[in-house]
Amino acid sequence: MSLNLPQGMQISAPIKPGYESILTQDALELVAKLHRAFEGRRQELLKKRIERQARIDAGEMPDFLPETKHVRDGDWKIAPLPKALENRRVEITGPVEAKMIINAFNSGADSYMTDFEDSNSPKWDNQIQGQINLYKAIRRELSFKNEAGKEYKLNDKIATLQIRPRGWHLDEKHVTVDGQRVSGGIFDFALVFFHNAKEQVARGAGPFYYLPKMESHLEARLWNDIFCMAQDHIGMARGTIKATVLVETILATFEMEEILFELREHSAGLNAGRWDYIFSCIKKFKKNQDFCLAQRGAITMEVPFMRSYALALVQACHKRGAPAMGGMSALIPIKGDPVANEKALAGIRHDKTRDANDGFDGGWVAHPGLVSIAAEEFQKVLGDRPNQWEKQVSGSFGPKDWLNFQPETPITEAGLRNNINVGIHYLGSWLGGNGCVPIHNLMEDAATAEISRSQVWQWVVSPKGKLDDGRKVTVEMVRPMIAEELAKVKATVTAQGEDTATYDQAAVIFDKMSLTPEYPEFLTLPLYEAME
């Protein structure tokens with residue numbers, strides 16, 4: 001099937017029946033317009049990331065920016081929020097697959113963040129079918145029937161929709177403008193905005209977005225300028241778009257107020273994206289010989305550097321009249337094991353109790369079965385109030401808190417093997433087209449897989465990377481474990497009746513990403529090039 005493409009645009013992917021409803025010439029004109037206006041700035045900002053990383057590798061430690069002190073000291077608030085975003089006690093997330101969209105909308109959560117990013121494998125078909133699914137869902141036309149004939153439909157009352165496009169580092173390799181690949185984030189945003197923004201306004205809830213992986217207020221400014229141009233392009237009032245920023249990099253923590261300021265006309269607050277945040281800490285300080293985190297299970301929201309980051313986020317948001325959203329616990333309900341299930345549910349309750357008491361206005365869950373628990377804990381604290389912006393966190397936070405990376409132990413063989421196992425399992429699933437995978441009773445996505453391979457890399461490189469029995473983690477130790485854990489993963493996948501075709505490739509990629517001397521910036525970049 002051929003399309004009428006804007007001048008200078010090429011698409012190097014199959015156009016299946018139905019895709020033409022999304023890949024219209026008018027919608028693609030917006031993609032091309034935004035690309036031509038902002039691609040140069042995106043590339044400059046990505047270059048700034050590399051330059052900043054080089055300075056950190058050389059020993060520079062992050063701190064507040066002196067040139068933005070006037071913003072931090074200024075008296076300002078973000079623009080008022082629409083009614084649809086006033087109450088966000090429980091937010092659920094998941095990829096743009098039809099059944100998951102319906103289940104999330106119907107879950108009883110206040111808000112649903114549908115994901116073109118970390119919980120979605122960015123195959124071309126996933127991205128475009130996801131756009132079709134959202135187009136239908138926004139108009140209440142989406143339904144799904146599984147192989148057993150069970151039918152899924154949207155309820156009358158559904159969650160408020162928020163949409164996460166891809167981060168600035170990701171391209172959409174199948175689409176070029178003037179010979180350049182377009183930004184994955186611009187591609188995702190432009191299509192879903194062009195087709196649905198006016199419909200969402202008419203229905204009283206949208207267009208609302210979540211923005212991932214930013215490292216500076218200048219990256220937020222880029223999104224803000226894109227929002228302004230997109231709204232002007234379709235004749236929509238500026239400020240109609242509202243966006244929540246995920247604070248999931250250590251560098252963004254030093255610029256939280258500046259990020260809110262840049263997006264103040266379009267801001268819907270900040271979210272504590274804990275898993276990518278841990279990954280970011282490992283990545284940014286990978287060459288610091290004094291830095292070596294304990295295994296993943298020991299890095300909870302209670303450890304000092306994570307706790308101070310969360311409290312500082314609440315402080316920044318409430319100071320500026322913005323929602324502070326708690327992050328995701330990876331725990332999920334466990335079928336067939338009542339004892340393990342009760343332990344998992346207790347873990348979720350503990351997580352949301354802490355967030356609510358700390359001042360967060362809501363929090364994330366990964367499964368519909370957890371919505372009621374999260375809602376109960378926020379209800380206890382908020383009562384009838386939509387938020388707790390009046391709660392101001394006292395004290396000051398800064399490098400002394402956020403760069404105090406503890407604990408360093410334990411690192412166990414079981415923890416090392418778990419990282420390898422989870423990494424291979426997730427990568428194999430991702431290559432097969434599934435970006436949101438329950439593994440060992442936890443919901444894993446790209447962020448948790450990034451932690452898994454990054455920790456293995458760090459333990460090999462760092463002199464502190466020793467197991468609790470005194471053995472140094474080395475390439476010679478890890479490589480046989482990769483083969484052994486691959487066999488376990490394939491046995492598990494086979495027992496579940498799934499195809500194991502992608503898992504050998506996943507193990508090769510995991511080996512390369514965790515044992516190469518030079519640390520690869522993002523797991524998803526070489527993976528994306530390897531997929532169709």
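Values quoted throughout were computed directly from the atomic coordinates according to the rules given, and no laboratory measurement underlies them. Nothing here was measured: the structure is a model prediction, and the numbers come from that model. With ideal geometry, Cβ positions are generated from the backbone for all residues, glycine too; neighbour counts draw on all protein chains shown.
Numbers for the structure displayed
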item: Estimated inter-spin distance, residue 337 and residue 73, nm [label 7 Å along Cα→Cβ]; result: 5.6 nm
item: FRET efficiency for residue 153 and residue 25, using Cβ-Cβ distance with R0 set to 51 Å, rounded to 0.05; result: 0.95
item: ³J(HN,Hα) computed for each position of segment 494-501 - Karplus, 6.51 cos²θ - 1.76 cosθ + 1.60, integer Hz, glycine/proline x; result: 4, 5, 7, x, 9, 6, 9, 4
item: Highest to lowest packing among 364-375, 513-524, 444-455, scored as the average C-beta count within 10 Å; result: 444-455, 364-375, 513-524
item: Amide H partners (placed H, <5 Å) of residue 112, local residues excluded; result: 92, 160, 161, 162
item: Separation of the residue 265 and residue 394 label points, Cα + 7 Å toward Cβ, nm; result: 3.9 nm
item: Dipole moment magnitude, nearest 20 debye, the chain about Cα centre, only Lys, Arg, Asp, Glu C-beta charged; result: 500 debye
item: Orientation-averaged projected area, Cα convex hull of segment 350-477 (nm²); result: 11.2 nm²
item: Cα-centre dipole for segment 146-302 with unit charges at Cβ (Lys and Arg positive, Asp and Glu negative), debye to 20; result: 340 debye
item: DSSP beta bridge pairing in segment 10-400, given as percent antiparallel to the nearest 5; result: 25 percent
item: Radius, Kirkwood style, for segment 409-530 when every pair of distinct Cα atoms is counted (Å); result: 14.4 Å
item: Cα→Cβ-extended label distance, 7 Å offset, between residue 51 and residue 483, nm; result: 4.7 nm
item: Charge-dipole axis of the chain as Lys and Arg at +1 and Asp and Glu at -1 on Cβ define it, positive-most pick from 449, 94, 519; result: 94
item: Rg in Å to one decimal, and Dmax rounded to a whole Å, for the chain via C-alpha atoms; result: 22.2, 65
item: Distance between segment 67-96 and segment 48-65 - C-alpha centres, whole angstrom; result: 27 Å
item: Sum of -39500 (n - 2.57) over DSSP H runs of 4+, divided by residues of the chain (222 nm, nearest 500); result: -15000 deg cm²/dmol
item: Ordering of 297-309, 108-120 by burial proxy (mean other Cβ atoms within 10 Å per residue, highest first); result: 108-120, 297-309
item: Derived scalar couplings ³J(HN,Hα) [segment 281-287; Karplus, 6.51 cos²θ - 1.76 cosθ + 1.60; whole Hz; x for Gly, Pro]; result: 4, 4, 5, 5, 10, 5, 9
item: Extended-chain gain in nm, criterion 0.36 nm per residue less alpha-carbon gap, residue 58 and residue 3; result: 14.8 nm
item: Full-stretch length increase - residue 234, residue 307 - with 0.36 nm per residue and alpha-carbon distance subtracted; result: 22.1 nm
item: Protection proxy ranking of 242-252, 179-189 - average other beta-carbon atoms within 10 Å, highest first; result: 242-252, 179-189
item: Estimated FRET transfer efficiency (residue 379, residue 409; beta-carbon r; R0 30 Å; 0.05); result: 0.20
item: Rounded to 5, percent antiparallel among DSSP beta bridges of segment 50-189; result: 40 percent
item: Extension reserve of the residue 144-residue 99 stretch, reckoned as 0.36 nm per residue once the Cα distance is removed; result: 15.6 nm
item: Among 495, 435, 459 - extreme Cα towards positive end, dipole of segment 409-530, charges at beta-carbon; result: 459
